[in-house]
Amino acid sequence: MRDLLHRTSETAARYLENLDHRSVAPSPEAIAGLAELQEPMPDRPMEPGLVLDTLDRIGSPATTGMAGRRYFGFVIGGSLPAALAANWLAGAWDQCPGLFAASPIGTALEEVSLGWLLDVLKLPPGSGGAFVTGATMANFTALAAARHAVLARAGWNVEADGLFGAPPITVVVGDEVHPALSKGLGMLGLGRSRVVRVPVDGQGRLRPDQMPRIQGPAIVCLQAGNVNTGAFDPAREICARAHSAGAWVHVDGAFGLWAAASPQLEHLVDGVADADSWATDAHKWLNVPYDSGLAFVRDVTALKSAMSVTAAYLPQGAHREPSQYTPELSRRARGVEIWAALKSLGRTGLAEMIERNCRLARRFADALRQGGYEILNDVVLNQVLVSFGDPARNWRVIERVQRDGTCWCGPTDWQGRTAMRISVSSWATRDEDVDRSVEAILRAAAAD
């Protein structure tokens, strides 16, 4: 085992060291090489070292360089050194932190990390938390707590009696609602389409003047960080109006919630802490390995009522029992990496990383604008939308950029416009990476 792990660490280190010198996107030859994996289940065992060699030979060239410095797609950050190291150690520990009795260290690190996260994200102290896979499950978890709470107020126990015959729940979303939240609503039986959609402004912010009159059980869903523009819904005003009508307010803050950790950017989350629940990702702006999502709920009882599990063989101790707050009973110990990331960065390091990413997003926007191209959004966070002309030209430029391999940026549709979307989210990205990427983008645009 020791020799195999040393060999693995050397393989992984070599991969990371070469990232800056290879195409961000895998080559057509590397993708074609994946066909070698399509084989019948082997009859005989293979020596673990050969398994690793095969995985590296076929798999490493076929990866997208998400862990590198010039990947700007899908709001994906790389892994901080301390978080990656903690991930390896956590894999060796092989802990299932559903119960304190099963994993004291896994449970303790979640307890500590939850307190740190509530502090740095400026959310209500004592809120409940769930360590889940990503924003889809974080939204699902928080919305399950919301569903429990608004129906309990109406005298209905949804966990015991289901939704058949339950009082209807009004769900209010903005027109720019993210599909992850809509998926969560669908899985909860609240419906992806059975929602009241509120018009948004030119940056994707929900318009308070267009809010419907709310009656009965209701959940209002806001965004902290629009996935295209980075814009924030006016949380303080909407929370006040929703709460006056007895509604629950949920905030989808997959990456934007981390603006609270920055003294320069915390004004963007004004009023967000007035909500009742929040969802975010640690594998985005905290830069821990995939997968790592977080749900926070002000009313701990609502979260626990929605997620609790009981069985005689599952002992409940004095410590926080993580399985009482998450959809899963069996899961990996995500709190290990989150603790390591926060411990290594500290409050100032986290703020610096977030502020640097936002500064680099503005650097992108300024350079591309000076190059003669249209920036479609107010660059308030780490998102940049750039148009090179008509939709066909935008697609051609994006395809050239991805083929070139200097950086990776993806397409999006924004309020009737096709655009390239640039998301600056990695701890490793520096000014020279932006400048090198801008040169590649401008070359691709000039090829028309």
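Within region 428-437, is even one residue out of contact with any helix residue (DSSP H, G or I) (no Cβ under 9 Å at 6 or more places or on another chain), assigned to a loop (DSSP other than H, G, I, E, B) and surrounded by fewer than 19 Cβ atoms within 10 Å (Cβ to Cβ)? No; the residues of region 428-437 include none that is out of contact with any helix residue (DSSP H, G or I) (no Cβ under 9 Å at 6 or more places or on another chain), assigned to a loop (DSSP other than H, G, I, E, B) and surrounded by fewer than 19 Cβ atoms within 10 Å (Cβ to Cβ).
Please go through region 270-296 and give me each residue that is more than 17 Å from the chain's Cα centre (by Cα) and either buried (at least 21 other Cβ atoms within 10 Å of the Cβ) or touching a residue at least 60 places away in the same chain (Cβ under 8 Å) (or both), ordered by number. Write out each step before concluding.
The first filter runs over region 270-296 and keeps only residues more than 17 Å from the chain's Cα centre (by Cα), leaving 270-276.
Result: VAL272, ALA273, ALA275, ASP276.
Go through region 172-186 and give me each residue that's surrounded by fewer than 16 Cβ atoms within 10 Å (Cβ to Cβ) and either farther than 24 Å from ALA245 by Cβ or modelled with pLDDT under 95 (or both). Please lay out each step first, then the result.
Let us first name the residues in region 172-186 that are surrounded by fewer than 16 Cβ atoms within 10 Å (Cβ to Cβ), namely 175, 179, 186.
If the condition is that a residue be surrounded by fewer than 16 Cβ atoms within 10 Å (Cβ to Cβ) and either farther than 24 Å from ALA245 by Cβ or modelled with pLDDT under 95 (or both), then PRO179, GLY186 are the ones that fit.
Taking the conditions exactly as written (at positive phi, touching a residue at least 24 places away in the same chain (Cβ under 8 Å) and buried (at least 23 other Cβ atoms within 10 Å of the Cβ)), does GLY216 satisfy them or not? The answer is no for GLY216. Of all residues in region 311-323, those that are in the same structural domain as PRO104 (by TED's automatic domain parsing) and under 15 Å from SER127 (Cα atoms) have Cβ atoms under 6 Å from Cβ atoms of residues that are part of a loop (DSSP other than H, G, I, E, B) and of a type outside the set (Gly, Ala, Ser), 6 or more apart or on another chain, in GLU321/LEU99; PRO322/PRO97. Where strands (runs of 3 or more DSSP E) sit wholly within region 242-326, those with at least 2 residues that are more than 27 Å from ASN157 (Cα to Cα) occupy 277-281. For region 130-168, residues that are closer than 23 Å to GLY106 by Cβ and either among the charged types (D, E, K, R) or in a strand (DSSP E or B) (or both) total 3. Residues that are in contact with a helix residue (DSSP H, G or I) (Cβ under 7 Å, 6 or more places away or on another chain), free of Cβ contacts under 8 Å to residues at least 40 places away in the same chain and not in a loop (DSSP other than H, G, I, E, B) within region 1-53 comprise ALA30, ILE31, GLY33, LEU34, GLU36, LEU37, listed in sequence order.
The values are calculated or read from the model by the stated rules, or taken from the named source; none is laboratory data. Since this is a predicted model, take the numbers as computed values, not measurements. Counting neighbours? That spans all protein chains shown, and the Cβs are built from the backbone with ideal geometry, glycine included.
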